[in-house]
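Below is one structure, written out as structure tokens, with a few remarks after it.
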Amino acid sequence: MNIFRNHINFYKPQIKQLSVIFILFLNLYCDKNIKTNPHAPTLLWQSSFNNGLSYSIIPVVYNDIVVYSTYDGSDAKFKLVAFNKLTGEKKWEWSNTKYLSGYFIAGFYHLYKNILYLKYVANTDQILIIDLNTGMQIQNVVLPPTYNSDDLIVGKVIGWGKYLVYGVNNFDFTITKLFVYNIETNLINKIYEYRNNFPTQLDFYLYQNIDNQNKLIARIQHAKNALWQIVDSTFDFSYSLDSNKPVFYKKFDANNKQSFFLTVGDKYYYSGTSNRYTQFINEANGDIELNKYQYNNPGGYYKNKLFVFWDTRENSCISADDGYQIWANRDYNFYGGLFFYNDKIYKGNGNMMCVDANTGKLLWSIDTEGGYQDIVTIDPETGYIYTATFTGPVCFKNVP
């Protein structure tokens, strides 16, 4: 025993030195790891709902609050909940007291001044109007016609400035209509109607062209049978929201279903699904000017670049000018919603990640138990990132 103690005493200085060296090594290693990822955000606040967060709209940032929606299974109500965007303190809550079976359409919201417009599906499809200063419901604008003799239901809804545009159809898609709702005048205009023996598909996009005119582009496609095995005809329909009159209505030969619209300068961009081609179409007359790109699953447009996701899991950045690929990366996927901010791409859905929009480099990725939802908003005032897990809202302090 004494011999053992003597050995310990003899080696104490060496052990002490080795311990100091090991601690220094750990500090250097950890510091190195931190420095290799300087853009990773830090958690600012996190909240949780008793029954989890589900069916949330994209977080809405307004003044000093951020708004989420969720379904509370305990009382079968859908709710809007506002939090202080800096602290996570709950500010107000709205719940559907009139319709217990309704739900929000997660992919749509429109913010105009201090008013939030949501598509809410209950006994009738309607636009729910909420004052974000108070959390009080202002009124319901029932989207006509909803359930009438034609059995019409509301489909896609898009908001643009003072306009809300929505399409309606019956259950077998043989009746299709398109409406424009002016928020300021509270007037609804029907701008298109088509009745056919076989299904009709309608997709549309709102934009402001280089002359600051607010326009609508719609692609209307008619089938020759109920199974969509043959496309009968395809039309592009342009409408001026400001002057309340059509710009053009043009038929052309395109035997594939519509999937995606966006505008690039004085042209709009369309990506097909079955033939996987892309078109630039002149927004003044509807002429197809380019028809050569071979990309599908568009994820978004940012600073004259198109971001697309292939079925082969390759993510590509494409020049909107000439269609040439700028970069490609397989380390992640763009499938779903993308949020662009300060030359970076943000995305949820499992991991929360950030990608350099100019190079495609993955800057950082954050994981959590259960994963992050595919909803991301960044406050342009602070740069803070608002997303959510399936438990509740999450706010990250971003690094510029």
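Just so it is clear, none of the values below were taken in a lab; they were calculated from the coordinates. Only a predicted model underlies this, so the values are computations on that prediction, with no experimental measurement involved. Don't worry about glycine lacking a Cβ; one is built from the backbone with ideal geometry, like all the others, and counts go over all protein chains shown.
Ranking 339, 83, 248 by Cβ neighbours within 10 Å, fewest first, what do you get? Intermediate values should be presented prior to the final figure.
On the way: 339 20, 83 23, 248 16.
The most exposed by this proxy come first: 248, 339, 83.
Legend: distances between Cα atoms for 177/215; 119/190; 79/347; 162/251; 156/303; pairs beyond 20 Å are 79/347; 162/251; 156/303. Summing charges over neighbours of residue 361, with a neighbour being any other residue whose Cβ is under 12 Å away from its Cβ, gives -2 when K and R count +1 and D and E count -1.
Between residue 391 and 53, the built amide H atoms are under 5 Å apart, and every one of these is 5 or more places off in sequence or on another chain.
Summing +1 for each Lys or Arg and -1 for each Asp or Glu among the other residues whose beta-carbon sits under 12 angstrom from that of residue 180 gives +4.
As a calculated quantity, the FRET efficiency between residue 230 and residue 304 at R0 = 30 Å, using C-beta atoms, amounts to about 0.20.
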